[in-house]
Amino acid sequence: MSKISIVLGSKSDMPVAEKAIGILKKLGVAFDIAVASAHRTPARVEELVKGSDADVFIAIAGLSAALPGVVASFTVKPVVGVPVSGALNLDAILSIVQMPPGIPVACVGLDRGDNAAILASEIIAIGDDAVRDALMSYRKEQADKVVADSEKVVSDAGC
Ligand code: RP5
């Protein structure tokens with residue numbers, strides 16, 4: 001059973017999805033992944049979302065990024081949208097951020113598949129101690145790296 005379902009608007013969004021996959025594997029959160037376009041295969045999006053046993057969706061899309069909103073239209077489970085960079089960048093960001101009232105989606109930064117996976121895992125962690133512990137360990141790992149980086153900077157500067 002998947003806790004998180006990742007939906008990509010196109011196979012070309014895979015580099016962003018890889019960031020999410022890396023985090024979910026690190027945290028030990030079960031996930032599934034599929035390509036389903038809001039514009040090219042709307043019926044497939046509906047089928048995937050309505051048939052999913054996941055608790056949270058991550059929807060990754062670029063350009064006129066309707067996918068997160070369309071996923072949200074078929075479920076009351078949380079949806080985290082990831083805008084994918086392209087020629088303009090603001091197009092995808094605004095398409096996700098500016099959802100009309102009533103059907104919200106969360107939006108992380110441009111290409112931030114990693115943050116989408118962390119946010120989705122934090123939602124799962126509300127009712128899952130193992131995921132909460134994995135998130136706490138990851139936070140500590142990041143803090144330890146900052147301290148180690150600082151020590152290296154000081155050492156390299158010869159102070
Ligand atoms: C969006 O259009 C996809 O999410 C992708 O980011 C973008 C380009 O898609 P392809 O033409 O590469 O399939 O729907």
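The values are calculated or read from the model by the stated rules, or taken from the named source; none is laboratory data. This one's a predicted model, so the numbers in the text were calculated from it and none came from an experiment. Methodologically, a virtual Cβ is constructed for each residue, glycine included, from the backbone with ideal geometry; neighbour enumeration extends over all protein chains shown.
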Give me the residue from the range 70-97 that is within 15 Å of the ligand (Cβ to nearest atom) and among the small types (Gly, Ala, Ser) and, out of that set, modelled with the lowest pLDDT. Ala87
Confirm whether Ala61 is part of a strand (DSSP E or B), at pLDDT 95 or above and either crowded, with 21+ Cβ neighbours inside 10 Å or over 15 Å from the mean Cα position of the chain (by Cα) (or both). yes
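Listed here are the residues, each with its yes/no results for (1) more than 15 Å from the ligand (Cβ to nearest atom); (2) among the hydroxyl-bearing types (Ser, Thr, Tyr); (3) under 20 Å from Leu94 (Cβ atoms); (4) loosely packed, with under 14 Cβ neighbours inside 10 Å.
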{"site": "Gly22", "(1), (2), (3), (4)": "yes, no, no, yes"}
{"site": "Gly28", "(1), (2), (3), (4)": "yes, no, no, yes"}
{"site": "Val35", "(1), (2), (3), (4)": "no, no, no, no"}
{"site": "Gly51", "(1), (2), (3), (4)": "yes, no, no, yes"}
{"site": "Pro68", "(1), (2), (3), (4)": "no, no, yes, no"}
Exactly one of these conditions fails for Gly28: (1) farther than 21 Å from Gly109 by Cα; (2) of a type outside the set (Val, Ile, Thr); (3) touching a Leu at 6+ places or on another chain (Cβ under 9 Å). Give me its number. (3)
Would you please name the residue that is surrounded by the fewest Cβ atoms within 10 Å (Cβ to Cβ), looking only at residues in the range 1-13 that are outside any loop (DSSP other than H, G, I, E, B) and within 10 Å of the ligand (Cβ to nearest atom)? Lys11
